[in-house]
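Below you'll find the structure, written out as structure tokens, and then a few comments.
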Amino acid sequence: MKMKSWSDPSHFIKTIHVDETCLEDPYTKEILERANLPWNVVPEGSEPCQFDKLYPENLSEGKQHLYLTKNKGQFFKPCPATREYKCCDYHVLNTGMNCPIDCVYCILQAYLNNPWLSFYVNVDEMLAEIDAVLNDNPDTLYRIGTGEFTDSLAIDRLTNLSSKLVSHMATKKNAMLELKTKSAVIENLEGLKHNGRTVIAWSLNSTQILQRQELRSATLEERLEAAARVAGWGYKLAFHFDPIIDHDGWQQGYIETIDRLFQVVPKESIVWISMGALRYLPKLKDIGINRFPGSQMYFQEFVEGLDGKSRYFRDNRVRLYQHIYNYLQQHVSNRTCIYFCMESDEIWKDVMGFTPEEKGGVPVMLDRSFFNNN
């Protein structure tokens, strides 16, 4: 029997809730009309919906509810990295919280307090905040991503946020935008004047992990076909092997994914590929086991890292990384940057043979790759 496609996971959303302070916002009305879903008004200061179960047991049900509201805080911040591991100086653009995809390893399960999806409709304020930072620092290049607290494209069919962001960033000389997704929702990207300032990125994994640990996500083929299409529209691409998970048959599983990647996607379009092994906050283990009792990923040997997260032992991380890195090296363009997300100098040296500082640092490596592909 053919499995249901979740190339567009926004179809999992059944109800929209609107903060009364956003009711007359033109963008709110645009989203409601486009979605054509049942919706209701939420009095200011009230929660959008109630559930029989408490968090995180209500998370699966909560993902069927979208709350349109305003962000009353800061939109634009540096990535919350830790000084113990090498960071790429990414900047996070907070467009909302949570997504309809349900990954067993998702760190948001241990980070969020509410089960529903939130989307911030005060986009004009968000764009103004970006402009203020970029204008105040004209000599600094900002790499900006929206995939820290949500999937960048998973609900784009409803919000069409991508067209607003891509068009806005096309005019910026000292910034680039990365939209990272596990979906295949790309229709709104077609025909936009992006000026090469937007990178469309996909998380990749072995097929076994995609099928069993990333619920309501696009298949590998759907992701790669979408990537090939946006490459044809002139967008730069990126891919993230993160989290890399030790599982039965992982060696062949990752090789098969890499083979398909370079069979489908033009390598010249790829600006960077990241690698990061499974890591998680200690309380995520209990949440993951309770929500996904069939998953075995947490029943392995881990050690507490310098950032307080549980990680595979160093020797095991090196074994995973070397296998994937060496195979990627046989396929990538010499202009593609392969880098680690949140790893130590020792791991860089063991796997790649150099430390980031020998190449100018991770941010310089990524900036160089981006502009070399312009």
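Of all residues in the range 178-191, which are surrounded by fewer than 18 Cβ atoms within 10 Å (Cβ to Cβ) and either more than 30 Å from residue 15 (Cβ to Cβ) or in contact with a strand residue (DSSP E or B) (Cβ under 9 Å, 6 or more places away or on another chain) (or both)? Correct list: 191 only. Take the conditions (1) within 17 Å of residue 236 (Cβ to Cβ); (2) among the hydrophobic types (A, V, I, L, M, F, W, C); (3) touching a strand residue (DSSP E or B) at 6+ places or on another chain (Cβ under 6 Å); residue 313 misses just one of them, which is (1). Residue 179 versus (1) over 13 Å from residue 370 (Cβ atoms); (2) touching a residue at least 40 places away in the same chain (Cβ under 8 Å): which is the lone unmet condition? Going through (1) over 13 Å from residue 370 (Cβ atoms); (2) touching a residue at least 40 places away in the same chain (Cβ under 8 Å) one by one, residue 179 breaks only (2). Out of the residues in the range 161-177 that are over 17 Å from the mean Cα position of the chain (by Cα) and of a type outside the set (Ser, Thr, Tyr), state the one that is surrounded by the fewest Cβ atoms within 10 Å (Cβ to Cβ). Out of the qualifying residues, it is 173.
Looking only at residues in the range 213-233 that are out of contact with any helix residue (DSSP H, G or I) (no Cβ under 7 Å at 6 or more places or on another chain) and farther than 30 Å from residue 109 by Cα, the one that is surrounded by the most Cβ atoms within 10 Å (Cβ to Cβ) is 229. Residues in the range 225-237 that are in contact with a strand residue (DSSP E or B) (Cβ under 8 Å, 6 or more places away or on another chain) and of a type outside the set (D, E, K, R): 226, 227, 230, 231, 235, 237. Being more than 27 Å from the chain's Cα centre (by Cα), surrounded by fewer than 13 Cβ atoms within 10 Å (Cβ to Cβ), at pLDDT 95 or above and under 27 Å from residue 111 (Cα atoms): is that true of residue 43 here? Against the criterion (more than 27 Å from the chain's Cα centre (by Cα), surrounded by fewer than 13 Cβ atoms within 10 Å (Cβ to Cβ), at pLDDT 95 or above and under 27 Å from residue 111 (Cα atoms)), residue 43 qualifies. Look at residue 252 and say whether it is modelled with pLDDT of 95 or more, within 30 Å of residue 191 (Cβ to Cβ) and outside any strand (DSSP E or B). Spelling it out, it is not the case that residue 252 is modelled with pLDDT of 95 or more, within 30 Å of residue 191 (Cβ to Cβ) and outside any strand (DSSP E or B). Taking the stated definitions as given, is residue 75 among the hydrophobic types (A, V, I, L, M, F, W, C) and buried (at least 19 other Cβ atoms within 10 Å of the Cβ)? In short, yes. All conditions but one from (1) among the β-branched types (Val, Ile, Thr); (2) more than 26 Å from residue 258 (Cβ to Cβ); (3) buried (at least 16 other Cβ atoms within 10 Å of the Cβ) apply to residue 332; the one that does not is (2). Scanning the range 300-325 for residues that are in contact with a Ser or Thr (Cβ under 6 Å, 6 or more places away or on another chain) and either in contact (Cβ under 8 Å) with a residue 24 or more places away in the chain or in a loop (DSSP other than H, G, I, E, B) (or both) yields a count of 1.
In summary, residue 297 fulfils each of the numbered conditions (1) part of a helix (DSSP H, G or I); (2) touching a helix residue (DSSP H, G or I) at 6+ places or on another chain (Cβ under 7 Å); (3) of a type in the set (A, V, I, L, M, F, W, C); (4) crowded, with 19+ Cβ neighbours inside 10 Å with the single exception of condition (1). Just so you know, in the range 108-163 the residues that are in contact (Cβ under 8 Å) with a residue 12 or more places away in the chain and acidic (Asp, Glu) include one that is farthest from residue 8 (Cα to Cα), and it is 139. Taking the criterion of being surrounded by 16 or more Cβ atoms within 10 Å (Cβ to Cβ), modelled with pLDDT under 95 and touching a Lys or Arg at 6+ places or on another chain (Cβ under 6 Å), would at least one residue in the range 109-128 satisfy it? The answer is yes; a qualifying residue exists.
The values are calculated or read from the model by the stated rules, or taken from the named source; none is laboratory data. Everything numeric in this text was worked out from a predicted model, so none of it was measured. Methodologically, a virtual Cβ is constructed for each residue, glycine included, from the backbone with ideal geometry; neighbour enumeration extends over all protein chains shown.
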